[in-house]
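Scroll down for the structure; my scribbles are underneath it.
The values are calculated or read from the model by the stated rules, or taken from the named source; none is laboratory data. Remember, it's a predicted structure, so these values are computed and weren't measured experimentally. Counting neighbours? That spans all protein chains shown, and the Cβs are built from the backbone with ideal geometry, glycine included.
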Amino acid sequence: MKLRGLTAALAGVLAALLCSCSLVEEPDAAAWDQQAAQALEDAASEVATTRLALETAAQERVWSSYTTVVVADAEEAIVTVADNLARVQAPAGRTEQAADVGALMDRAVASVRAARSLAVQGRYDDPASIDELDRLATDLEDAAGAR
Amino acid sequence: MKRYFAVLLGVLTAIGGFVDIGDLVTNAQAGARFGWSLVWVVVLGVLGICVFAEMSGRIAAVSHRATFDLVRERLGPRMGLLNLFGSMSVTFLTFIAEIGGVALALQLLSSVSHVLVAMFVAAAVWIVLWRAKFSSIENVLGLMGLALIVFAVALWQLGPDWSELSSQLSPAEKPAAEGWAVYAFFGVALFGAAMTPYEVFFFSSGGVEERWTSKDIGVMRANVFLGFPLGGVLSVAIAGCAAVVFLPQGITVETLGQVGLPVAVALGKIGLAVVVLGFFAATFGAACETGLSVGYSLAQYSGFQWGKYVRPREAAGFHVVLLVATVLAAGVLLTGVDPIMVTEVSVVFSALALPLTYFPILVVANDPDYLGEHRNGRLANVLGVFYLVVITIASIAAIPLMVITSMGQG
Amino acid sequence: MDGYDAALHLLDRQVVDREGQLVAKVDDVELTLEPDGSLVATGLLVGLPALLPRFGDRLGSWLLDKYVQAGEERADRALPGVIEFELVDDIGSGVELSVLRKGLVRPRTAEVPAGVERWRLGDLLGMRVRCGDLPKRSRVLDVRLAGVPHRTERPLVTGLVVGPGRPGSLFGYDRKPDLGPLAVAVVVRRLHRHVRGVDVGPGVEIDRAANEVRISPGVPLLPLL
C-alpha cells in the first residue's frame, strides 16, 4: 500500500516534469515578464564579459587563444539565451514588448558575434565595437530593470 | 629535519589539493553574485571537512580501515549498497567534471575544443592511475596546485576597498537584487563544494595506501588543520576576485575562462599563465583522486583487493574498475555536455549524499574497538554532532532548493 | 566483555590474509547445528550467493534467482565460497587469517555430514521472536558468540539480542556504556529501549521451519547495559 502511494507520487512528479518540458512554453504575463528580465540580465552579463575580455586583451594582459575562448563562449551563451526566449510564446498583452525585447536581443547577439570576429582577427581595440557593447550593456540592464 | 620536511610537504599538497573544479566554479559564481556575503559558508564547510577528514584519517591510521569499509560494517549490505550507489554516482559525476575541467584548462591555452581534448585527458588520467606511484600523484599535482595562490595575489593587486569588502562578510549584505532562496541554494552548493565526499574517501584510503600508523596521527592532523583551511583561503580569494571584478558589472560566471579573467586584469599574462597551470594541476589532481575514489568505494564495499600499494596485477579488479570508470567518463564528455554544468550538479549532489557516509564515521570514531585510546574526545564529539546536524540540514535542503531556484537562476 | 556479537563484530568486516592482502568481506557466517543441539560458527561465507539473500526476504531471493539464472549452466552458481572458521586468527577491525589468500576460498558443497544442519547467520538475524514479555514486532537483532575470537576456542552461539527494530541498527550502543557521542547514544538507546539479551538454552527454541524464535515465559530477559 505504501509502495503504491510512492509510485503514484513518483508518477505525478514525472508527469509534472513532462508537462513543464513542452516544446513551446506559454507563460502568463507575469511569468513572461520574469523570463524576459532573466534573459535580458543573462544577455547583459555576456555582453559585459565580452567587453571585459576585449579590454583586457587590448591591454595585452591575456593571450589570444584565451580571449578567443572567453568571447566564443560568451557568443554561444548569448545565442542560447536569445533562442530560448524567442521560443517562448508571449502572452496576449505582451506582444509589443516581446518584439522590443527580441529586437534588443538580436542586437546584442549581433554585437557579440561581431566582437568575436574582431577578437579572432586580433583587433581588440576597435572603438565602434567597444562603444556598442557599452551601450548595449546599459540598454539591456535598463530593459531588465523595467520588467 | 626529514620529519619537518614531511609535514611541510603534506601541508603544501593539502593546500594545493584542496581546490578542485567544484571550488573554482562555485566560489567564482558565488563571489560574482553575492560578493563575500557567503564566505561564512566556506568557513563552515572547511571546518566541516577538517572534522570529517580528521576522524576518518585517524581511523585509517589506527585500524587500517578506510571509509567505505566502515560504511558497510555499520550500515549493513542494504543501506551500504544504497550509500555506495549514491556516493559513487556523485564521485563519478565529479570525476567527469574534473576531466572536463582539465580539458577546459587546456582549451584556454590552445583554443582546441574541450570535447576533443577530454579524450586525451581521460587517457592520460588512466595512464597515471595505472602507472604512477601514489605519492608522486599526490605530491607533484598538489604542489603544482599551489599555483592557485595567484588568486590571493591578484585580489591584493586589484586593490579593493578592504573595509568595504570585509563589510560584505555578513549574510545581511546579500545584494538586494537576489532572493533568499537563491542565496540558500548557493550556500548549499558552496558547502557541497567544500565538503565533497570523495575528499574523505581519498584521504582515508590514502592513509591506508601510505601505511599510516598511530604514530602518523600528528602529521595527519597538521595536514588537515593547516592545509585545508589554507586551501579554503584560496576559495575565499577566488570569490573575492570575482566579487571585485564581476559583481559591479553584473557578470555571472559560467565558464572556466571567466574564473581566470580577474587574474589577467590584475596581473597580466604571467599571472594568467600561473592560474591556468593551477587550473590544470587542481583539476588533474582531483581527476586522479575522484577516479581512485570510485575504485576505492566499490572495492571497499565488496572486499576485493584495492590500492596502489600493491602491484596492479594483485589488485586487478580495482584497476579494471578504474579503466571502466575512465572510459565511461570519456564517453559522457564525448556527448559535448558542458563540464561546468556537470560541476554545478555534482556539488549539489555532494551535499545530498554526505550524511550517509558521515554518520558511520562519527560512530566508529568513538569505538574503542577500532581506535582504543585514540577515539574521539569531547571537542571532536561536540563538533562531530554539530556537523551531523548541519550536514543533515544541507542534505535535506539541497534538492528542494535546486528545484525552486532552477539551479540558482531565479 | 564475554564473547562478541556476530553481526556487530564479524559480519561485513574485511577478511585479511596472513600478509595483509585483502581477501573478501564476511558476507555471511555459517552456523552448524551439532547433534547435541549446540550452534557453532564454522565458516565465513563469501561471494554474491552469500551476500544477496541478506538483502531481505523478497528482494534477496529475487536477486539470488536472477544471479543464478544469469549463469544457469553452472551447478555451483548458488553455492557461496567458504573460509573455515579454524583459519581465523584474530577479529579486530578486520578478520585476520592464519594463512595466505592463494587458493583459499572453496565453494561450500551442498552435502552435509550426517546429524548436523547448516544455518546462516543471515537467516537467524531478523527472525520473528515470540515472547510474552517483549513487544510483538520483536526480532533477532544480533547473535552472541562465546570466547575471545581465537582458533582454539569453539565459537559457540551463547545468546541472542532480541527486540523491536532492525538488525544492525544498534551500532554497538548496546555493548559499551561509554560509546559516544552522547547525543547519538541517547537517541539510539531510546529507540531500542525494549531490546534485551537472552541466553540460548532451555526455554529458547529456534524454529527454522517456522522462521521464528520462541521464548518461554520465565526465561530471564537481560538488560543490555
message = List pairs: first residue in segment B:112-132 and touching a residue at least 12 places away in the same chain (Cβ under 8 Å), second residue of a type in the set (D, E) and part of a helix (DSSP H, G or I) anywhere in the structure, Cβ distance under 9 angstrom, at least six positions apart or on different chains.
response = B:V125/B:E98
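So for segment B:347-355 (the condition being assigned to a helix (DSSP H, G or I), without any contact (Cβ under 8 Å) to a residue 60 or more places away in the chain, of a type outside the set (D, E) and touching a Ser or Thr at 6+ places or on another chain (Cβ under 8 Å)), does at least one residue qualify?
There is at least one residue in segment B:347-355 that is assigned to a helix (DSSP H, G or I), without any contact (Cβ under 8 Å) to a residue 60 or more places away in the chain, of a type outside the set (D, E) and touching a Ser or Thr at 6+ places or on another chain (Cβ under 8 Å).
Would you point out the residue of segment B:360-410, among those that are part of a loop (DSSP other than H, G, I, E, B) and touching a Pro at 6+ places or on another chain (Cβ under 8 Å), that is nearest to B:K215 (Cα to Cα)? So that I can check it myself, show each step before the final result.
From segment B:360-410, those part of a loop (DSSP other than H, G, I, E, B) are B:365-367, B:375-377, B:405-410; that's our starting set.
The next check asks that each one be touching a Pro at 6+ places or on another chain (Cβ under 8 Å); those that pass are B:366, B:375-376.
Numbers: B:N366: 19, B:R375: 14, B:N376: 16 Å.
Looking at residues that are part of a loop (DSSP other than H, G, I, E, B) and touching a Pro at 6+ places or on another chain (Cβ under 8 Å), I get B:R375.
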note = Of the listed residues (A:V88, A:V112, A:V101), the one being in contact (Cβ under 8 Å) with a residue 24 or more places away in the chain, aliphatic (A, V, I, L, M) and assigned to a loop (DSSP other than H, G, I, E, B) is A:V88
query = Under the condition of being of a type in the set (S, T, Y) and closer than 12 Å to B:S56 by Cα, which residue from segment B:335-390 is surrounded by the fewest Cβ atoms within 10 Å (Cβ to Cβ)?
reply = B:Y370
Output for segment B:251-262, where each listed residue is more than 7 Å from chain A (Cβ to nearest Cβ) and more than 17 Å from B:L106 (Cα to Cα) = B:V253, B:P262
key: segment C:1-17, residues that are facing another protein chain (nearest Cβ under 8 Å) and modelled with pLDDT under 90   = C:H9
ask   = Within segment B:270-311, can you find the residues that are within 25 Å of B:I99 (Cα to Cα) and touching an Asp or Glu at 6+ places or on another chain (Cβ under 7 Å)?
value = B:A282, B:T283, B:A286, B:A287, B:T290, B:Q300, B:G307, B:K308, B:Y309
task = State whether the residues of segment C:18-28 include one that is more than 10 Å from chain B (Cβ to nearest Cβ), touching a strand residue (DSSP E or B) at 6+ places or on another chain (Cβ under 7 Å) and surrounded by fewer than 17 Cβ atoms within 10 Å (Cβ to Cβ).
result = yes
task = Among the candidates B:G179, B:G231, B:G240, B:G227, single out the residue that is of a type in the set (G, A, S), more than 30 Å from A:W63 (Cβ to Cβ) and away from chain A (no Cβ under 14 Å).
result = B:G227
Of residues in segment C:74-100 being out of contact with any strand residue (DSSP E or B) (no Cβ under 6 Å at 6 or more places or on another chain) and under 20 Å from C:P53 (Cβ atoms), the one modelled with the lowest pLDDT = C:A75
remark   = Note on A:T67: of the conditions (1) more than 14 Å from B:L108 (Cα to Cα); (2) crowded, with 19+ Cβ neighbours inside 10 Å, unmet is (1)
task = With respect to A:D83, determine if the residue is under 19 Å from the mean Cα position of the chain (by Cα), away from chain B (no Cβ under 14 Å) and acidic (D, E).
result = yes
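Which one of C:G103, C:G71, C:G147, C:G126 is under 30 Å from C:G165 (Cα atoms) and at pLDDT 85 or above?
Working: C:G103 fails: under 30 Å from C:G165 (Cα atoms); C:G71 fails: under 30 Å from C:G165 (Cα atoms); C:G147 fails: at pLDDT 85 or above.
The match here is C:G126.
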query = What is the residue count in segment A:109-139 for residues that are within 12 Å of chain B (Cβ to nearest Cβ), at pLDDT below 90 and farther than 12 Å from A:T50 by Cα?
reply = 1
key: The lone exception for B:S56 - which of (1) small (G, A, S); (2) over 19 Å from the mean Cα position of the chain (by Cα); (3) within 14 Å of chain C (Cβ to nearest Cβ) it fails   = (2)
Filtered residue count, segment B:296-329, keeping only those that are more than 20 Å from the chain's Cα centre (by Cα) and either part of a helix (DSSP H, G or I) or of a type in the set (K, R) (or both) = 20
